[in-house]
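Okay, structure first, notes after.
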Amino acid sequence: MRPQPDFIHEFARGKSERTLLLLHGTGGNERDLIPIGRELDPDASLLSPRGRVLENGMPRFFRRLAEGVFDLDDLKKRTNELADFVTSAAQHYKIESKRIVAVGYSNGANIAASMLLLRPEILSAAILFRAMVPLIPETTPDLSAARVLISEGDHDPIVSAAEAGRLAGLLRSAGADVTIRFYQSGHELTPDDVDLAREWLNDLK
Ligand code: MLT
C-alpha cells in the first residue's frame, strides 16, 4: 500500500537513520534533487515527492497568484497534505520520524519553511536553498529543537537579502537555530551551496 495522501515520489533507503526530504523547485520533479541528496549525505534515506499543483504544466508544491505572491489558503492546505504524506511515508517505509531533514530548493524551500512554521513536529532540521517568507503563522510554533540552514544568492532576482533576513528572523523568533549564508549567485544553485550544506549536515551528527 502506498503512503496516503498520495504523492508521486521516489524513495531510496539508506544505511543511516537520517532521511532527507527532497523538495524540488517550480517545474521540477521527484528525480531532480536525488543527486544532490546523495552528495549531501550518501548514507541517508531519500524521500522525494513531486508537487501536486500544476502551473502551466509545471509541478509546484502550492499555488501562487504571481511571482512571490502566494495563495495562502492553498499554501496552508498543501503544507498539511505534505506533512501528512511525510508522516504516513515514515510509517510505511519504517524510517525514523525524528531524523527527517528537509532539503528544499526555491518553491520546495518555501513549502519546507511553511512546514516548519505550521507543522513543526515533522522536521528536525531543514536546508533551505533560495527561500523566502512563505507566510506568517497565526501562532508562533516552538522551533527550539530545530536547526535551519538558509542558503541564498546575493543577486537573486526573486529573493532579496532583506526577504532572506526576514525569514531568518521569523524562524529565530520561534526558537530555531538558524545559519544564513549568501553566495555570489542568482536564484540558481551553485557547487558552493552544496559544499556548505554538506558540511552543515555533517556537523548535525
Ligand atoms: C515560489 O513561488 O515558491 C517562489 O516564487 C519561487 C519559485 O518557485 O519561483
Item to check | Separation in nanometres of the label points that stand 7 Å from Cα toward Cβ, at PHE182 and PHE11 | outcome: 4.1
Checklist entry - Under the Karplus relation 6.51 cos²θ - 1.76 cosθ + 1.60, θ = phi - 60°, what is the ordered set of whole-Hz ³J(HN,Hα) values for the stretch 42-52, x standing for Gly and Pro? => result x, 9, 6, 6, 10, 10, 9, x, 9, x, 9
Checklist entry - Accessible surface of MET132 in the full protein assembly, 1.4 angstrom probe, to the nearest 10 Å²? => result 10
Checklist entry - For the stretch 1-122, what relative contact order do you get, as a whole percent, if you take Cα pairs closer than 8 Å and at least 6 residues apart? => result 33
Checklist outcome for this item: For ASP154, ASP203, ASP195, ASP41, the accessible-area ranking with a 1.4 Å probe, largest leading, is ASP203, ASP154, ASP195, ASP41
Next on the checklist: Between GLY108, GLY68, GLY51, where does the largest GNM mean-square fluctuation fall for the chain, given springs only between Cα atoms within less than 10 Å?
Outcome noted: GLY68
Next on the checklist: Just to be sure I follow: if Rg is taken over the C-alpha atoms of the stretch 46-201 and Rh is the Kirkwood radius over the same atoms, what is Rg/Rh?
Outcome noted: 0.94
Checklist entry - Counting Lys and Arg as +1 and Asp and Glu as -1, each charge on the Cβ, what is the dipole of the stretch 4-125 about the Cα centre in debye, to the nearest 20? => result 160
Next on the checklist: Quick check: Cα centre of the stretch 43-66 to Cα centre of the stretch 138-173, how many Å?
Outcome noted: 20
Checklist outcome for this item: Within the chain, pairs of Lys residues whose Cα atoms are less than 19 angstrom apart, provided they are eight or more positions apart or on distinct chains, add up to 4
Checklist entry - Using the C-alpha atoms of the stretch 1-76, what convex hull volume per residue, in cubic angstrom, is computed? => result 111
Checklist entry - How large, in percent, is the carbon and sulfur part of the accessible surface of the stretch 57-115 at a probe radius of 1.4 Å? => result 50
Checklist entry - Hey, if you put +1 on the Cβ of every Lys and Arg and -1 on every Asp and Glu Cβ in the stretch 1-151, which of ILE127, ALA112, ALA12 ends up farthest toward the positive end of that dipole? => result ALA12
Checklist entry - Which value, in Å², gives the accessible area per residue of the chain when a 1.4 Å probe is used on the protein heavy atoms? => result 45
Item to check | Residue among PRO35, PRO134, PRO49 with the largest mean-square fluctuation in a Gaussian network model of the chain, springs linking Cα atoms under 10 Å | outcome: PRO35
Next on the checklist: Once you keep just the Cα pairs under 8 angstrom separated by 6 or more residues, what percentage relative contact order results for the chain?
Outcome noted: 18
Checklist outcome for this item: By the Kirkwood definition, with r running over pairs of different Cα atoms, the stretch 1-128 has a hydrodynamic radius in Å of 14.3
Checklist outcome for this item: The percentage of the accessible area of the stretch 148-200 (probe 1.4 Å, all protein chains present) made up of carbon and sulfur atoms, to the nearest whole number, is 51
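The values are calculated or read from the model by the stated rules, or taken from the named source; none is laboratory data. Source: prediction; values computed, not measured. Here the Cβ is made from the backbone with ideal geometry for all residues, glycine too, and neighbour counts use every protein chain on show. Heavy atoms of the whole protein, side chains included, go into the accessibility calculation; ligands, DNA and RNA do not. Shrake-Rupley method; radii C 1.70, N 1.55, O 1.52, S 1.80 Å.
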